Amino acid sequence: MAILIDENTRVLVQGITGREGRTRTRLMKEYGTKVVAGVTPGKGGQEVEGIPVYDTVFEAWEKEGPIDASAIFVPAPLVKEAALEAIEAGIKLLLLVPDRVPIHDVLEIHAYAREKGAKFIGPNTLGILSPGKAVMGMIGGRAKSAREWFKPGPVGVSSRSGGITSAISYYISQAGLGQSTIVHVGGDAVVGLPHPEIMKLFEKDPQTEVIVMFGEIGTSQEERVAELIKKGELTKPLVAFIGGKAAQKGTRFSHAGAIVEGNRGSWESKVTALKEAGAIVVDKITDIPEAVKKVLGK
C-alpha cells in the first residue's frame, strides 16, 4: 500500500495552464498519476497534455466525476481562494505547492479543511510520491528520474526540506531498499500535515516497516513525534536526522519554519526528546541507509 496517494487517486491540477502547472502536470501524467482535469479561471475549454481544462473546480467535478486530490500551482496570494474552492467542491486532499503563502491564509484553510474533513500538505512543498504508483507535485523533476531514483519498498520518508527529501530517498534506493511513500511536509512554520500526522499515517500503513524523518530546528514537530512514541501511538522504528546543530536562538535556518525560539525547537531539544523516546538519531544524512538496514535486519 502507500499513504495519501496511490495509482487510483484521481487528481486535479489548479493553475494547470501556468508554467509550473504545465511542467508538473507532464511529470505527474508521465509517471502514471491519474490526472483527470485542470482548472484555470477563464481558460476553460483548453487542454494541457491532453487533460481538459475547466473554469472552476465544481465544473471539473461535474464533467469528470469525483476527484480525490488537487495539486495547487497558483501564485501565493491566490492559494487560499483555490484551496477553499477545492475543499468546498468535496476534494479531501490538497497539495499547496507555493511558498510565501500568508500564515493567516493557511490558518483559514486549516480551519475549513478540518470542518469539511479534508487534509492538505504544505504550503512550500515539493509534494508526495508513492513509488511505482503516483506522484503529486514535483519530486524527481522528471518522470524518468523519479522512476530511476525511487523504488517501491518498506521505508516511509517524511521531511521538512525539499532537496533533502529527494536526497534521503535516493540514498535509500541506492542501498537496495525502497520507499512506501515519500512526503515533503513543507518548509513553512504552519503546514497542513506536519511530521506527527504523517507518522500516524505510516503507523497504519502495512507496507511501511520503518520510518525515516528529516527534521530541523524550529517548531515542535519533532518533539511531538517523540511524544507519540512515548505514548505508544508510534510503534514502528524511526530513524531521524535533525539539521541545524550549530544554529543559535533567533537564527533562521533555510526555511520559514526553521527558527529557534524558547526552550523547544532547538537542535538539542529535538535530539534529546527523540533519543529518550527510543528513536535512532544519526549524525549524518549518509548514515541513514545503514541505520535502516540494521533495523530491517539486512
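Just so it is clear, none of the values below were taken in a lab; they were calculated from the coordinates. In this text the structure is predicted, and so the values were computed from the model without any measurement. Note that we place each Cβ from the backbone using ideal geometry, even for glycine, and neighbour counts take in every protein chain shown.
Place +1 on the Cβ of every Lys and Arg and -1 on the Cβ of every Asp and Glu in the chain, take the dipole about the Cα centre, and give the residue among Ser70, Gly141, Ala118 whose Cα lies farthest towards its positive end.
Going by the Cα projections, it comes out as Gly141.
Note down the net charge around Ala134, summing +1 for each Lys or Arg and -1 for each Asp or Glu among other residues with Cβ under 14 Å from its Cβ.
Details: positive: Arg10, Arg24, Lys29, Lys34, Lys133, Arg147; negative: Asp6, Glu7, Glu30, Asp68.
That works out to +2.
For the stretch 150-296, state what percent of all Cα-Cα pairs lands in each successive 5 Å bin, counting from 0 Å until the bin that includes the largest distance.
For the stretch 150-296, the binned pair fractions read 2, 11, 22, 25, 22, 12, 5, 1, 0 percent.
Can you tell which of Ala111, Ala89, Ala279 shows the greatest fluctuation in a Gaussian network model of the chain with Cα springs below 10 Å?
Ala111
Each residue of the stretch 224-240 in order: what ³J(HN,Hα) in whole Hz does its phi give by Karplus 6.51 cos²θ - 1.76 cosθ + 1.60, θ = phi - 60°, with x for Gly and Pro?
Each residue's phi maps through the Karplus curve to give 5, 5, 4, 5, 4, 5, 4, 7, x, 7, 10, 10, 6, x, 10, 10, 10 Hz.
Using 7 Å Cα-to-Cβ label points, what is the Glu88/Glu148 separation (nm, one decimal)?
Modelled inter-label distance: 4.5 nm.
Between Asp99 and Glu268, what is the label-to-label distance in nm when each label sits 7 Å out along the Cα-to-Cβ direction?
2.9 nm
So what's the net charge close to Val292: Lys and Arg +1, Asp and Glu -1, counting the other residues with Cβ under 11 Å from its Cβ?
0
What number results when the radius of gyration of the stretch 10-121, computed over Cα atoms, is divided by 2.2 N^0.38 Å?
Numbers: Rg = 12.8 Å, N = 112, 2.2 N^0.38 = 13.2 Å.
Against the empirical 2.2 N^0.38 Å value, I get 0.97 for the stretch 10-121.
List the relative contact order of the chain as a percent without decimals, with contacts defined as Cα pairs under 8 Å and 6+ residues apart.
Over the chain, the number comes to 14 percent.
For a Förster distance of 41 Å, can you work out the FRET efficiency between the beta-carbons of Glu81 and Glu227, rounded to the nearest 0.05?
0.70
Angle check, please: helix 267-277 long axis (alpha carbons) against the longest principal axis of the chain (alpha carbons), in degrees 0 to 90, nearest 10.
The helix 267-277 is inclined about 80 degrees to the chain.
Using 0.36 nm per residue of separation minus the Cα-Cα distance, give me the extension gain between Thr23 and Glu64 in nm, one decimal.
My answer for the length gained is 12.6 nm.
Ranked highest first by average number of other Cβ atoms within 10 Å, how do 68-75, 119-126 line up?
The most tightly packed comes first, giving 119-126, 68-75.
To the nearest 10 degrees, how steeply does helix 162-174 sit against the main Cα axis of the chain, on a 0 to 90 scale?
Tilt of helix 162-174: around 70 degrees.
What is the percent of Cα-Cα separations in the chain that go past 25 Å? If you can, show how the numbers build up before the last one.
On the way: 19877 of 44253 pairs.
For the chain, the fraction of Cα-Cα distances above 25 Å is 45 percent.
Placing unit charges on C-beta atoms (Lys and Arg positive, Asp and Glu negative, everything else neutral), compute the dipole magnitude of the stretch 50-173 about its Cα centre in debye, rounded to 20. All intermediate terms of the calculation are to be shown ahead of the outcome.
Working: 13 positive and 13 negative charges, 152 e Å.
Using only the charged Cβ atoms, the result is roughly 720 debye.
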